[in-house]
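Reviewing the structure listed below.
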Amino acid sequence: MTDKRQILIAGNWKMHKTQEEARILVREILRGLTYGIKAEVMVAPPYTSLAAVAAELAGSAIRLAAQDAFWKPQGAYTGAISPVMLADAGCHYVIVGHSERRQHFGDTNQDVNRKLLAVLEAGLIPILCIGETIEERQAEKTLHVVAAQLREGLAGLSGEARDRLVIAYEPVWAIGTGLTATPGQAQEVHAFIRSLLREVLGPAAETTRILYGGSVTPDNAATLLSEPDIDGALVGGASLKADSFLKIIAAGG
Ligand code: 13P
């Protein structure tokens with residue numbers, strides 16, 4: 001957390017919520033938001049609820065996001081959704097490279113890079129997720145893995161796009177497990193990511209937000225966010241209930 005970067009509290013709903021459940025949740029979040037919160041807030045419902053949530057969010061400051069996108073603008077790609085369609089649906093952000101996409105759907109660093117560039121091309125802001133598995137951490141390969149994901153994920157970036165990026169560090173072993181990286185462990189990797197961003201982005205690295213994700217809760221959010229290079233949270237389970245999500249938003253200042 002630093003004055004140079006506005007905290008972003010992002011809820012990734014994953015494969016949860018029917019349209020009606022999504023409407024109820026977003027109404028509860030809107031009702032519970034207090035005036036004067038400093039954090040930017042974002043929610044990423046599943047595709048089927050984007051329109052319903054966009055309608056609820058109209059006129060509010062909460063940003064809409066998608067959880068993934070294909071890299072082509074349109075075409076014969078059954079089952080896929082393009083960044084152009086997501087812009088049309090009212091999205092502002094698109095998550096790319098989430099570890100669940102990498103694990104269950106085979107997304108490679110090259111795929112993630114194509115998605116990231118396509119999201120930028122459509123005028124949206126990508127949230128690039130990177131992070132190591134427990135085996136990689138135990139083998140002391142964390143920084144190596146994160147560096148490759150970051151460099152390959154950001155390949156071919158145009159100068160203008162350097163200011164339109166968000167990075168999320170999500171250690172795979174901390175996702176949905178209740179095992180959170182300690183603030184010290186997270187800060188070490190976030191500082192490393194920012195040092196790499198300085199090489200890739202130049203001065204834009206100072207204003208690029210690096211979110212932490214992995215079992216963020218109302219109990220641990222404030223200490224994580226007090227670290228100098230942790231600029232927000234990408235929240236899974238705790239974003240599915242208004243009460244816990246609102247507490248994490250409040251922890252953002
Ligand atoms: P949890 O908060 O449920 O661990 O999920 C984190 C995550 O994957 C957010 O993208």
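The values are calculated or read from the model by the stated rules, or taken from the named source; none is laboratory data. This is a predicted model, so every value here is computed, not measured. Here the Cβ is made from the backbone with ideal geometry for all residues, glycine too, and neighbour counts use every protein chain on show. These area figures cover heavy atoms from the full protein model, side chains too; ligands, DNA and RNA do not enter into them. Shrake-Rupley method; radii C 1.70, N 1.55, O 1.52, S 1.80 Å.
Being away from the ligand (no atom under 16 Å from the Cβ) and either touching a strand residue (DSSP E or B) at 6+ places or on another chain (Cβ under 8 Å) or not in a helix (DSSP H, G or I) (or both) is the filter here, so list the residues in region 146-158 that pass it.
L150, L154, A155, G156, L157, S158, listed by residue number.
Please go through region 157-177 and pick out each residue that is closer than 21 Å to T207 by Cβ and not charged (D, E, K, R).
Those that are closer than 21 Å to T207 by Cβ and not charged (D, E, K, R): L157, S158, G159, A161, L165, V166, I167, A168, Y169.
With the structure loaded, tell me whether K247 is within 15 Å of the ligand (Cβ to nearest atom), farther than 21 Å from K4 by Cα, open to solvent by 50 Å² or more (accessible area, probe 1.4 Å) and touching a Pro at 6+ places or on another chain (Cβ under 6 Å) or whether it fails that test.
Against the criterion (within 15 Å of the ligand (Cβ to nearest atom), farther than 21 Å from K4 by Cα, open to solvent by 50 Å² or more (accessible area, probe 1.4 Å) and touching a Pro at 6+ places or on another chain (Cβ under 6 Å)), K247 qualifies.
I'm checking my understanding of the structure. Among residues of region 1-56 that are within 20 Å of I81 (Cα to Cα) and of a type in the set (V, I, T), which one is farthest from the chain's Cα centre (by Cα)?
Out of the qualifying residues, it is T18.
For P228, state whether it is touching a residue at least 60 places away in the same chain (Cβ under 8 Å), open to solvent by 50 Å² or more (accessible area, probe 1.4 Å) and more than 11 Å from the ligand (Cβ to nearest atom).
Spelling it out, P228 is indeed touching a residue at least 60 places away in the same chain (Cβ under 8 Å), open to solvent by 50 Å² or more (accessible area, probe 1.4 Å) and more than 11 Å from the ligand (Cβ to nearest atom).
Hey, among A147, A155, A122, which residue is in contact (Cβ under 8 Å) with a residue 12 or more places away in the chain, in contact with a Leu (Cβ under 8 Å, 6 or more places away or on another chain) and over 23 Å from G232 (Cα atoms)?
A122
Being more than 14 Å from the chain's Cα centre (by Cα), buried (at least 19 other Cβ atoms within 10 Å of the Cβ) and in a helix (DSSP H, G or I) is the requirement here; does A161 meet it?
yes
Out of A55, A69, A10, A39, report the one residue that is buried (at least 16 other Cβ atoms within 10 Å of the Cβ), farther than 28 Å from L224 by Cα and small (G, A, S).
A69
Give region 108-143 a look and list any residue that's open to solvent by 50 Å² or more (accessible area, probe 1.4 Å) and closer than 23 Å to A174 by Cβ, or say none.
T108, I134, E135, E136, R137, Q138, A139, E140, K141, L143
Just one of S195, S215, S239 is open to solvent by less than 50 Å² (accessible area, probe 1.4 Å), over 29 Å from A122 (Cβ atoms) and within 16 Å of the ligand (Cβ to nearest atom); which is it?
After applying the criteria, what remains is S215.
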